[in-house]
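Every number in this text was worked out from the coordinates using simple rules, so none of it is lab data. Bear in mind that the values here come from a model prediction, so they are computed numbers and not experimental data. Note: ideal-geometry Cβ built from the backbone for every residue, glycine included; neighbour counts use all protein chains shown.
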Amino acid sequence: MIMNGRLIASFLTDEEQTRYEQMLLPLDLDEKARRSLYINQNGSNLWKVLLLNQNGIRTPSLQELDLIARNSPDFLKGCIVDAPAIVLRSNACSDKDRSYFAKQVSGLIGRTSFPHAVVVEGLNVKVDKSSAYSLSFCVSDKLKVIEAPAFDCVNHGRTFQRINPDYTLDFDDKSPRKVYTGYHSISRLCLGATLDLETWVDLTFSYGRGQIVTVHQTQSTQKI
């Protein structure tokens, strides 16, 4: 399918899955890291999405996924699709594993205070055998930190029409699409099976409906 006449979006191909598996071969992975990274072609989690982007296979931003959801809803309906970004609401929490990642990302972006949620883009993956998944984050030259009050816990369950480039949401009481902000210190960002906006606390678990979408440049002028 064509997005904006510039990008073509498709589900992860056999060739791209093979390239992904080849990316894993030189890494020093223990069993925990292997469980997090060896994800089937019909499957997705945050680590896989970040590693694909880190190695030149681009996946859509949350806003691009929203564009697909609004203009061609049947393409994504029934799928769970991860965006290459996380939401951070604090630098610690009571859960030891989540607190590890919240503290780590807070340190990477140089933040200790969170009056509002922030979205962090441009994270890469590294092997880290001290973490719950034997993986953690490092920063790329594309790191961005965006203040995102729309993702504050107070908005959990509200309905919206659109996700804007600055991560504001066009809230609309008549829309069927909901935002599930959650209440956790750190979460992954997903578009859900009914095209809702979801934040998941588990960074590695992948449901069978998980799918990865990739985007490529095209010269076509056709719209979605």
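In a simple Cβ point-charge model (Lys, Arg +1; Asp, Glu -1; nothing else charged), the chain has a dipole of about 140 debye relative to its Cα centre. With each label modelled as a point 7 angstrom along the Cα→C-beta vector, the Asp97-Ile109 pair spans 2.2 nm. Couplings 3J(HN,Hα) for the range 18-26, derived from phi with the Karplus relation 6.51 cos²θ - 1.76 cosθ + 1.60 (θ = phi - 60°), are 4, 4, 4, 4, 5, 4, 7, 4, x Hz, where x marks Gly and Pro. For the chain, pairs of C-alpha atoms spaced more than 30 angstrom apart make up 20 percent of the total.
Helical runs (DSSP H, four residues minimum) scored at -39500 (n - 2.57) apiece and divided by the length of the chain put the mean residue ellipticity at 222 nm at -7000 deg cm²/dmol. Estimated from the Cβ-Cβ distance and a Förster radius of 45 angstrom, the FRET efficiency linking Gln161 and Asp14 is about 0.80. From least to most packed, judged by other beta carbons within 10 angstrom and beginning with the fewest, Val215, Val118 follow the order Val215, Val118. Which one, Leu52, Leu24, Val105, is farthest towards the positive end of the dipole of the range 2-217 when Lys and Arg carry +1 and Asp and Glu -1 on their Cβ? It is Val105, whose Cα lies furthest towards the positive end.
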